[in-house]
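Please treat every number below as a calculation from the coordinates, not as lab data. It should be emphasised that the depicted structure is a prediction, and the values quoted were computed from it without experimental measurement. FYI the Cβ positions are ideal-geometry reconstructions off the backbone, even for glycines, and counts take in every protein chain you see.
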Amino acid sequence: MAQRRTFLKQAGLLLGSAAILPHTVFACNRAAKKLGVCLVGLGNYSENLLAPALQLTKHCELRGIVTGSPEKIPIWQKRHGIPDKNVYSYETMNGIANNDDIDVMYIVLPTGLHAEYAIKAAETGKHVWCEKPMAKTVKECQSIIDACTKNKVKLAIGYRMQHEPNTQKVISWAKTKPYGQIQKIQAEIGFNIRNPADTWRMKKELGGGLLYDVGVYAINAMRYTTALEPISVLASYENTRPEVYKEVPETTIFDFQFPEGIQAHGRTTGRENINILRAACEQGWYELSPFQAYSGVQGSASDGVLLNTYIENQQARQMDDDALAILQDGPVLAPGENGMQDIALIEAIISSAETGRSVRIS
Ligand code: NAD
């Protein structure tokens with residue numbers, strides 16, 4: 001029970017339905033004010049997913065940018081109507097402290113840079129949204145949480161799946177158990193990457209490979225599907241292409257033991273297209289496949305129930321939920337503690353894979 005409460009607290013779910021479905025609950029009490037969001041890092045996710053999503057949001061809008069690439073500035077200014085005074089570099093971003101247009105700094109940088117810039121963002125006194133995975137180490141995660149606490153700003157991690165309605169149904173079933181007690185979980189995510197690009201994701205320090213990049217979705221899913229925290233993990237690596245996967249493993253397998261006898265099998269791989277979250281229960285099963293996709297998260301259950309609610313844009317839903325949490329001074333769905341626990345589990349997985357031993361999780 002203690003472990004269940006810990007997850008719920010970390011996931012911001014203990015405060016009842018307002019925390020589970022802020023989008024719906026606050027819909028009847030919409031605040032007129034829109035929050036100004038500043039994107040920190042203008043790579044693929046900012047350019048192709050977040051900036052377009054910010055055109056669909058009701059409670060926030062794109063007002064500023066932080067970039068180290070001057071050639072991107074005129075393009076972004078023209079496309080999004082961003083004035084000169086709201087354009088910053090990594091060196092000048094502390095000036096945002098005096099810019100009333102900006103309410104939220106959204107960190108969309110390589111994982112190994114999240115802590116440095118999330119802390120800088122918190123020190124401007126603006127709220128912080130930080131992309132997943134939260135950071136490279138638990139120590140870094142804690143330093144982000146501490147900086148946000150010290151500066152009295154909210155911190156939300158970009159776990160968009162926790163804002164997605166089919167996923168939220170699965171999250172609710174951890175409590176209501178419509179198919180009885182969960183016995184086994186399968187959470188696997190991978191891609192058949194024939195020629196992986198040699199980018200920051202493949203660097204041990206800056207990215208950490210597939211385990212950090214997408215394995216974190218499988219780990220987070222095991223936790224929200226059970227609403228429990230694991231007791232131990234036994235992990236291993238497979239690398240059939242060491243000439244390509246030089247710094248990070250191609251495949252990581254992680255088998256967690258959860259309380260209540262639940263066994264959870266996880267895997268992340270660069271060799272195979274796989275995207276499944278499945279719960280086998282005493283009286284049936286349910287699954288989402290894909291469980292992590294920009295659109296079209298869907299699934300089914302053993303009694304024929306379909307999990308196929310469609311929403312237009314997950315990122316817009318996530319940012320509106322997180323903006324409402326600020327405007328209404330409520331809890332965020334995915335707080336820093338939720339992101340930090342996944343990084344603690346990644347550290348346990350790495351320790352187990354490197355030693356070949358089962359690692360107990362404190
Ligand atoms: P990207 O490589 O396309 O962009 C990274 C940006 O960081 C670039 O603009 C680059 O110029 C900048 N940068 C600054 N310093 C850098 C350095 N030292 N090395 C490399 N780049 C540097 O990456 P992305 O796909 O936009 O991912 C950014 C973040 O967003 C990551 O944390 C990633 O996990 C996250 N992300 C989340 C989702 C999601 O669905 N929630 C999807 C994609 C990416």
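Descriptive notes on the structure:
- Nearest-20 debye value, the chain charge dipole, Cβ charges on Lys, Arg, Asp, Glu: 460 debye
- Using a Gaussian network model of the chain in which every pair of alpha carbons under 10 angstrom is joined by a spring, one finds that among 97, 323, 218 the greatest mean-square fluctuation is at 97.
- Amide H partners (placed H, <5 Å) of residue 311, local residues excluded: 296
- Counting beta carbons within 10 Å around each of 107, 119 and listing the fewest first gives the order 119, 107.
- Förster radius 30 Å - calculated FRET efficiency between residue 89 and residue 152, Cβ distance, rounded to 0.05: 0.70
- Exceeding the 28 Å Cα-Cα cut-off - candidates 72/126; 139/184; 132/204; 34/85: 139/184
- Dipole magnitude for segment 31-160: computed about the Cα centre from +1 point charges on Lys and Arg Cβ and -1 point charges on Asp and Glu Cβ, it is near 380 debye.
- Each residue of segment 91-106 was assigned a 3J(HN,Hα) from its phi angle through the Karplus expression (A = 6.51, B = -1.76, C = 1.60, θ = phi - 60°), giving 7, 9, 5, 5, x, 4, 3, 9, 10, 6, 5, 9, 10, 9, 10, 10 Hz with x at Gly and Pro.
- Taking the square roots of 5 times each eigenvalue of the Cα gyration tensor of segment 145-242, largest first, gives ellipsoid semi-axes of 27, 23, 14 Å.
- Ranking 193, 183, 359 by how far each Cα lies toward the positive end of the dipole of the chain (charges on Cβ) leaves 183 at the top.
- Hydrodynamic analysis of segment 272-321 uses the Kirkwood radius over alpha carbon pairs. Inserted into Stokes-Einstein at 25 °C and 0.890 mPa s, it gives a translational diffusion coefficient of 203 µm²/s.
- Expressed per residue, the C-alpha convex hull volume of segment 31-160 stands at 104 Å³.
- Positive-end ranking of 57, 88, 68 along the dipole of segment 31-160, with charges on Cβ about the Cα centre, is headed by 57.
- Between residue 308 and residue 328, the modelled label-to-label distance comes to 3.1 nm, taking each label 7 Å out from Cα in the direction of the beta carbon.
- Ascending count of other beta-carbon atoms within 10 Å, so fewest first, for 160, 201: 201, 160
- Hull volume in cubic angstrom per residue (convex hull over the Cα atoms of the chain): 134 Å³
- Order of 358, 46, 289 under a 10 Å beta carbon neighbour criterion, fewest first: 358, 289, 46
- Qualifying aspartates and glutamates (Cα of each under 20 Å from Cα of residue 152; at least 8 residues distant if same chain): 100, 101, 103, 116, 123, 131, 140, 321, 322, 329, 337
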